[in-house]
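The values are calculated or read from the model by the stated rules, or taken from the named source; none is laboratory data. Not measured: the values here are computed from a predicted model. Cβ sites come from the backbone with ideal geometry, for glycine too, and all protein chains shown count toward neighbours.
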Amino acid sequence: MLDDVFPIPTRALIRQGGRACFYRLVNTSPLLIQVQSGTKIVMADDKALRFEAGAYGLLPDYRPLTMENIPKAPQKYQTLALPVPRPLFEDAYLSMGSVAIPSRPLPASASTLPEEAAALFDYCCQPGNLTRLPGAIAKARLMELITWFALCGAVLGQSQSPRLEDRLRQMIEGDTAFDWTLGHAARAFNMSEATLRRRLAAEKTGFSEILSDTRMNCALGLIQTTTLPMAQVALEVGYDSPSQFSARFKERFGVSPRHVRGEPERFERIGAEVEHSGADAPAP
């Protein structure tokens with residue numbers, strides 16, 4: 001732990017074999033990213049931000065984004081993503097004093113990131129580097145990285161009022177394989193099922209919709225960042241049937257899970273050798 005509040009972030013290497021555009025993707029933590037091969041297009045408020053290979057940027061938390069990942073043959077699309085707790089951004093900006101914080105969280109490009117800052121990004125993304133440091137030093141390194149991004153134009157917008165939907169997403173992400181019900185969620189939030197249903201309706205959503213969407217977002221992350229068999233991915237996000245999972249994934253994203261990896265389509269059965277691994281990842 002960085003301290004009692006901040007867990008040490010774990011970077012994710014996102015790979016994608018087939019071109020695809022994903023709508024309404026939600027990250028539960030801000031992401032610092034570098035596109036390493038291919039092209040990434042991020043849209044919010046009908047404005048498109050294009051990242052070519054080598055570009056750095058910032059993706060906000062709890063903001064539905066449209067993301068198109070475009071591989072450049074013969075390589076796969078590849079992006080390195082580092083999730084960083086929002087409070088570290090706020091502490092870094094407070095230390096800077098003069099930074100102009102946008103009123104809304106939007107994706108941003110870190111143009112002309114200096115070599116020193118790029119080297120720090122690489123350092124923070126290398127497995128084990130931050131965990132070997134005293135917590136205060138690890139926190140300082142991440143705040144320095146946030147400061148470099150801010151100086152290059154990538155500033156995280158102000159936090160919006162927390163929604164019940166966001167809290168529910170976080171809870172489901174903690175164990176996407178669990179057989180979640182409205183009753184489980186209501187008890188976790190110390191409210192009746194009717195109250196939870198009513199409050200979600202006021203946010204123009206519902207429990208089943210959030211459950212399914214959170215599972216699909218996590219499934220996309222697993223497909224992009226691991227080599228788990230599709231049957232295993234299905235289990236990880238609460239589906240016993242790979243075919244049912246594949247159909248739901250295609251319904252949500254418009255492409256099959258195997259298209260994302262650039263693999264040929266084939267049916268996969270769950271056998272006794274498939275075990276739950278508990279992996280999860282962001283899905284930029």
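Matching residues to (1) among the aromatic types (Phe, Trp, Tyr); (2) touching a Lys or Arg at 6+ places or on another chain (Cβ under 8 Å); (3) modelled with pLDDT of 95 or more:
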residue: 210; (1), (2), (3): no, yes, yes
residue: 220; (1), (2), (3): no, no, yes
residue: 231; (1), (2), (3): no, yes, yes
residue: 247; (1), (2), (3): no, no, yes
residue: 253; (1), (2), (3): yes, no, yes
residue: 262; (1), (2), (3): no, yes, no
residue: 274; (1), (2), (3): no, no, no
residue: 278; (1), (2), (3): no, no, no
**Message:** Can you find, within the range 64-78, the residue that is surrounded by the most Cβ atoms within 10 Å (Cβ to Cβ) among those that are out of contact with any Gly (no Cβ under 8 Å at 6 or more places or on another chain) and of a type outside the set (A, V, I, L, M, F, W, C)?
**Reply:** 68
**Item:** Search result, residues across the range 81-106 that are surrounded by 19 or more Cβ atoms within 10 Å (Cβ to Cβ) and among the hydrophobic types (A, V, I, L, M, F, W, C)
**Value:** 81, 82, 84, 88, 89, 92, 106
**Message:** Here are the criteria: (1) in contact with a helix residue (DSSP H, G or I) (Cβ under 8 Å, 6 or more places away or on another chain); (2) free of Cβ contacts under 8 Å to residues at least 40 places away in the same chain. Tell me which single one residue 194 does not satisfy.
**Reply:** (1)
**Asked** Which one of the conditions (1) surrounded by fewer than 22 Cβ atoms within 10 Å (Cβ to Cβ); (2) more than 21 Å from residue 79 (Cβ to Cβ); (3) at pLDDT 95 or above does residue 267 fail to meet, given that it meets all the rest?
**Response** (3)
**Evaluation of residue 155 against (1) in a helix (DSSP H, G or I); (2) touching a residue at least 40 places away in the same chain (Cβ under 8 Å) (one fails), failing number** = (1)
**Fill in**
Within the range 44-63, the count of residues that are closer than 21 Å to residue 145 by Cα and either touching a Cys at 6+ places or on another chain (Cβ under 8 Å) or surrounded by fewer than 15 Cβ atoms within 10 Å (Cβ to Cβ) (or both) comes to 3
**Asked** Could you say which residue among 112, 147, 131 is touching a helix residue (DSSP H, G or I) at 6+ places or on another chain (Cβ under 9 Å), in a loop (DSSP other than H, G, I, E, B) and of a type in the set (S, T, N, Q)?
**Response** 131
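So that you can scan it fast, the table gives a plain yes or no per residue for (1) among the aromatic types (Phe, Trp, Tyr); (2) part of a strand (DSSP E or B); (3) more than 19 Å from residue 158 (Cα to Cα); (4) touching a Lys or Arg at 6+ places or on another chain (Cβ under 9 Å):
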residue	(1), (2), (3), (4)
8	no, no, yes, no
15	no, yes, yes, yes
43	no, yes, no, no
48	no, yes, yes, no
**Request:** Could you tell me which of the residues 100, 53 is part of a loop (DSSP other than H, G, I, E, B) and touching a Ser or Thr at 6+ places or on another chain (Cβ under 7 Å)?
**Result:** 53
